[in-house]
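Asker: Once you've had a glance at the structure underneath, I'll fire off some questions.
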Amino acid sequence: MLYGIENKLEAPEPINSITYDAAELKTLPLDWLSAIRQFESSDVVDSLFPSEMIELLIAVKKQEAKRFAQQVTNLEYLTYLQDV
């Protein structure tokens, strides 16, 4: 929020309609790696944090994503166990 105040950014208008029909709205990333990529490519992030901190955070989050991807969830286990 401070970034917006300091840079005199204008807040968007409130949404007064059903958002399912609002295809032009920006959405949040739906998965971990997409969120990391969006963070990496953000110009705002570069202006808020030192580059070393950004690099370390990205490395940690990529490592976490890799670890999570290697885990079999209960849902996956139950779903695919029936097929084997």
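The values are calculated or read from the model by the stated rules, or taken from the named source; none is laboratory data. Nothing here was measured: the structure is a model prediction, and the numbers come from that model. Quick reminder, even Gly has a Cβ in these numbers, built from the backbone with ideal geometry, and neighbours come from all protein chains shown.
Asker: May I ask you to list the residues in region 31-47 that are over 11 Å from the mean Cα position of the chain (by Cα) and closer than 18 Å to Ala65 by Cα?
Answerer: Ser41, the sole residue that qualifies.
Asker: Filter region 1-30 for residues that are at pLDDT 80 or above, exposed (fewer than 10 other Cβ atoms within 10 Å of the Cβ) and over 11 Å from the mean Cα position of the chain (by Cα) and give the result. Steps first, please.
Answerer: Looking only at region 1-30, we keep the residues that are at pLDDT 80 or above, and these are 2-14, 27-30.
If we keep only those that are exposed (fewer than 10 other Cβ atoms within 10 Å of the Cβ) as well, we get 2, 5-8, 10-14, 27-28, 30.
The answer is Leu2, Ile5, Glu6, Asn7, Lys8, Glu10, Ala11, Pro12, Glu13, Pro14.
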